[in-house]
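Asker: The structure that follows is given in the form of structure tokens.
Laboratory data are not the source of any read-out in this text; all were calculated from the coordinates shown. Everything quoted here is computed from the prediction, not taken from an experiment. We place every Cβ from the backbone using ideal geometry, glycine too, and count neighbours over all the protein chains shown.
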Amino acid sequence: MPEMEPSRSDAGGFLGTEVEKQLKAAFDALPFDIPVYLFTRKGEGDAMDRAARSLAGVFQKLSSRIRLRELDVGDREGNRLKISSSPTFVFGPERYSIKYLGVPFGEEGKTLVGALLLLGLGSSGLGEESLKIMKRLDSRREIKVFVSPTCPYCPEQAIHAIKAAMERPDLVSLEIIDIQSNPEIADRYSAFSVPQVYANDILIAQGAQPEELFILSLVKLEPQTVFIPESDAEVVETDVVIVGGGPAGLTAGIYAVRSGLKTVVVERGALGGQVATTPIVENYPGFTRVPGKTLVDILVSHALEYVQIFPGEEVVDIRFGDTMEVLTSRRRFVARAVILATGARYRHLDVPGEMRLAGRGVSYCATCDGPLFRGKRVIVVGGGNSATTEALYLHNIGVDVTIVHRRDTLRAQEHLVRSVQDSGIPVLWNTEVREIRGVEKVKEVSVYNNRTGETSSLPVDGVFIAVGYVPTVDLARKIGVELTPDGFIRHDSRHRTNIPGVYSAGDVEGGYKQIVTAMGQGTEAALSVFEDLRNPYWLDEDGWVGSLVIKKRGNDLSSRGA
């Protein structure tokens, strides 16, 4: 093994005497040897090769634990390890696939030291939550972390990646790429700011992240901005369980905790509800335009400062007794009150092209997306109050709008029908949309006249679907919550349902389908819960339930007079 001399007289002169002592003690205390290969070009090589040799020599002198070999890029070992760049450090080559392309000088010295220490420990050092996430990884990940010696944030990302490669050497390979030493690779990936992380050539992170977010981004193969710790608890005792993690539920969680109530949010699907899949939200107070996912991330991050969130869990039942038992697909919650913020979804046409072009010309909210279509031609599908209201709104903001309705008369209220007529909005009667067409965005629709049997094409820039909402009330119906004739949860002005201790908020109540409205309802519901738990409205002076008797066997509910 060739001797590699540091560029100064000794390691202490290069690192500083005190740093050398600390590193030497740390390396000597490690339980395992640290095999490192340095690949350079034959002969003296260029300045980068010489700098890499000097740095390698410094660390080789620190401890006998560091087993360093210098090899040529073009030799058999270099071909076996697929080395094509000089200089390249390879860490633990017989067990791991961890490469550093360049010279880890400057801030990147922290990456080098971190890599050596982790190899000497023989453990990835990932935290408990990160380990849980890594267990989900079931396919290969080829990571590239772009770094610079002048970047103080790069070592953190690089160390996260090293830990991932050590934890799952069967599936994870890693290249840490110094953009100053390898400008051509940086240019190929447009990595002009660091740190940037790619996995399988997909950008998964820009800037430094906490370890858990890095690992989550790696596993999901997309950038993650919010990490929610998992809980193994089988029983969780709390004051309030909020069912639903949309704007209403998350806001209710914030205000319930601020009122002094221990609160959890349980969400079976994506946090943020429909907002999470809305490409652009317009005129949310404080933002002229903001991506829906960005708004959700802000809201979730805020909520996490107050409330514990249980994502990916479905509430399957609520049982009543001295306390409420909220049963999910994973655990049991014992609570004093429940807020149902389960939301509602737009009713779909279920025609070809609808889901594929959603957010690219297909919309379910004129208030949200209408301004994007000023001066363009769109259709509104439907014939009720929602459809006529949306058509009038679009017409008033300068959109060329036509109503497409499957019947021969509108089913909306008379004043809305009259407004449509007075505005001169055309209506295609007895007409059904059979297909929505377009490649990158909506270009036309195929329509069918159910009176004549004719099919034709209609060029449009947008399709606004207003055929009603489907409230998510399966749980409410199961536990005996009263519903309105339209299928939404019936509630009073304080968001109380007919069952004492059960409240509602957001789109599941009907009314305006706006983010700010849902948040206001969530706030009101949380404050009502706080006040009612202090002074239960359902108990009379003798402690009896005034308007409803809750039998303590299962969910058998029966009413009695006050």
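Asker: Using the count of nearby Cβ atoms within 10 Å as a rough guide to exposure, how do SER231, SER504, SER86, SER139 rank from fewest to most?
Answerer: Working: SER231 14, SER504 29, SER86 22, SER139 8.
Arranged by neighbour count, lowest to highest, SER231, SER504, SER86, SER139 become SER139, SER231, SER86, SER504.
Asker: Next question. Under 5 Å between amide H atoms, partner at least 5 residues away or on a different chain: which partners does THR328 have, H built in plane at 1.01 Å?
Answerer: VAL316, PHE333
Asker: How much FRET efficiency would the formula 1/(1 + (r/R0)^6) give for ALA29 and SER457, where r is the Cβ-Cβ distance and R0 is 60 Å, rounded to 0.05?
Answerer: Details: r = 76 Å, r/R0 = 1.26.
That pair, ALA29 with SER457, gives E of 0.20.
Asker: Can you tell me the FRET efficiency between MET355 and ARG477 if r is taken as the Cβ-Cβ distance and R0 is 35 Å, rounded to the nearest 0.05?
Answerer: Numbers: r = 27 Å, r/R0 = 0.76.
The value I calculate is 0.85.
Asker: Considering amide H positions built from the backbone, and no H for Pro or chain starts, which residues 5 or more places from ILE204, or on another chain, come under 5 Å of its amide H?
Answerer: Those qualifying (amide H under 5 Å, at least 5 residues apart or on another chain) are VAL197, TYR198, ALA199.
Asker: Now, a different point. Output the Kirkwood hydrodynamic radius of the range 362-467, Cα pairs only, in Å rounded to one decimal. Present the calculation step by step, with values, prior to reporting the outcome.
Answerer: Working: mean 1/r = 0.0738 Å⁻¹.
For the range 362-467, the Kirkwood estimate is 13.6 Å.
Asker: Can you tell me the length gained on complete extension of the stretch GLN421 to LEU221, counting 0.36 nm per residue apart and subtracting the Cα distance? If you can, show how the numbers build up before the last one.
Answerer: On the way: separation 200, 0.36 × 200 = 72.00 nm, distance 5.11 nm.
Contour length minus the Cα-Cα distance gives 66.9 nm.
Asker: Also, quick follow-up: Considering the chain, what Rg and Dmax in Å follow from its alpha-carbon atoms?
Answerer: Expressed in Å, the Cα Rg and Dmax of the chain come to 31.0, 97.
Asker: Quick one: dipole size for the chain, taken about the Cα centre, charges +1 on Lys/Arg Cβ and -1 on Asp/Glu Cβ, in debye to the nearest 20. List each step's numbers first, then the result.
Answerer: Values: 64 positive and 73 negative charges, 181 e Å.
Here the chain has a charge dipole of around 860 debye.
Asker: Binning at 10 angstrom from zero up to the longest distance, how are the C-alpha pair distances of the range 263-338 distributed in percent?
Answerer: Bins of 10 Å from zero give 18, 38, 27, 14, 2 percent of pairs.
Asker: Output needed: percent of Cα pairs per 5 Å distance bin for the range 11-220, bins running from 0 to the one holding the longest distance.
Answerer: Using 5 Å bins, I get a P(r) of 1, 7, 16, 20, 21, 17, 11, 5, 1, 0 for the range 11-220.
Asker: Further question: Taking amide hydrogens as modeled 1.01 Å from N in the peptide plane, which residues meet the under 5 Å criterion relative to LYS443, leaving out close sequence neighbours?
Answerer: Here the answer is ARG437, GLY438, since their amide H atoms fall under 5 Å of that of LYS443.
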